[in-house]
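A quick write-up on the structure given underneath.
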Amino acid sequence: MNKDYIDLIKKDSVYAIIPARSGSKGVKNKNIRCLKGYPLIAFTAAATNMCGEASRVLISTDSEYYAEIGKYYGAEAPFLRPAEISGDKSTDIEFMEHAITWLAENEGVLPEYFMHMRPTYPLRKPEIVSEAVKRMKADPSATSLRSAHLAPNTPYKWFNLREDGYYKSIKPGLTLDEANNPRQAFPDVYIPDSYVDVLRTEFIINNDLMHGDWMIGYVVEGGIDVDAKEDMDFLEYYVSDHSNPVLEYLQANYKTLEELPFRNECSDS
């Protein structure tokens, strides 16, 4: 990236960015699938605005329809993401660098931090998102922050399969018998999730990387990250029996997608 962009960074400022490409194959239109009538983008935009840490909430999408939805529910869509970085194999660094370049070239200012807020994790608590930003700001050595939750089972007890058909331990130096030890004998392992990432813009510009090696481990409770239709079914069941501040905020302030003059793409079809 152009290193001159560093001069455009406004100290202590925070923007949020919601990646929401169209064309998901596992769950069609995943990023705008509806939960209690509200698209997943809406939950993420609402949680971000409710946490009060970001001065702007941007959506990075290749779809004018997704952009329209995002704007209604509290995000900005100043640009569309090019199709060549919006496919199944496109990487996060591609859309981040596109957003940084667009903001630098068109607005002449960049935030010091980006909150990376994926729309597939709708049931966030705004105060937990807010605390993540504060943690990142308090640690000048950190290259990023990423949320993760404790793995329910340790992968140290798993095996790889060798080419000759025999097992080998997943950890070098660990014998197969040692891999059979009780799970308490192994260190805790954490699974990265989509609750919240906080990224340092200067690090991205200098290194063409998102996270770097000094990533703050921000441990959260395990939640529901939408990757399959069954996840949406479980979310519907879950919110029927549990209150959620983001859903309550949406219900109090916004119409459902079906009530808006947009074509409805919440369903599987």
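Readers should treat all values here as calculations from the given coordinates under stated rules, not as data from a laboratory. Everything numeric here is computed off the predicted structure, so don't read it as measured data. FYI the Cβ positions are ideal-geometry reconstructions off the backbone, even for glycines, and counts take in every protein chain you see.
With semi-axes defined as the square roots of five times the eigenvalues of the C-alpha gyration tensor, the equivalent ellipsoid of the chain measures 32, 25, 19 Å, largest first. Hey, how much of the P(r) for the range 218-260 falls beyond 16 Å, as a percent of Cα pairs? Summing the P(r) tail past 16 Å for the range 218-260 gives 55 percent.
Helix 229-241 and the longest principal axis of the C-alpha atoms of the chain enclose an angle of approximately 70°.
In percent, rounded to a whole number, the relative contact order of the chain is 27, using alpha-carbon pairs under 8 Å and six or more apart.
Were the residues from Ser55 through Lys11 laid out at 0.36 nm apart, the gain over their Cα-Cα distance would be 14.6 nm. Across the chain, the longest piece that holds none of the GluC sites (Glu not before Pro) lying in DSSP loops with up to 15 other C-beta atoms within 10 Å covers 1-106.
Fewest neighbouring Cβ atoms within 10 Å first, the residues His242, His98, His116 line up as His242, His98, His116.
With neighbours defined as other Cβ atoms within 10 Å of a residue's Cβ, the residues Met50, Met232, Met136 order from fewest to most as Met50, Met232, Met136. Note on the range 73-120 and the range 164-202: Cα centroid distance 31 Å, given to the nearest whole angstrom. Computed over the chain, the per-residue total of -39500 (n - 2.57) for DSSP H runs of n ≥ 4 gives a 222 nm mean residue ellipticity of -8500 deg cm²/dmol, rounded to 500.
Between Glu236 and Lys3, the C-beta separation translates, for a Förster distance of 51 Å, into a calculated FRET efficiency of about 0.60. Among beta bridges from DSSP that stay inside the chain, the antiparallel ones total about 45%. If one computes P(r) from the Cα atoms of the range 119-167, what percent of pairs lie at distances over 11 Å? It works out to 80 percent of all Cα pairs.
If you take the Cα centroid of the range 215-266 and the Cα centroid of the range 26-65, the two points sit 10 Å apart. Normalising the Debye intensity of the range 1-141 to I(0), with uniform scatterers on Cα atoms only, and taking log10 at q = 0.20 Å⁻¹ returns -1.27. Neighbour counts of C-beta atoms inside 10 Å place Asp62, Asp7 in the sequence Asp7, Asp62, starting with the fewest.
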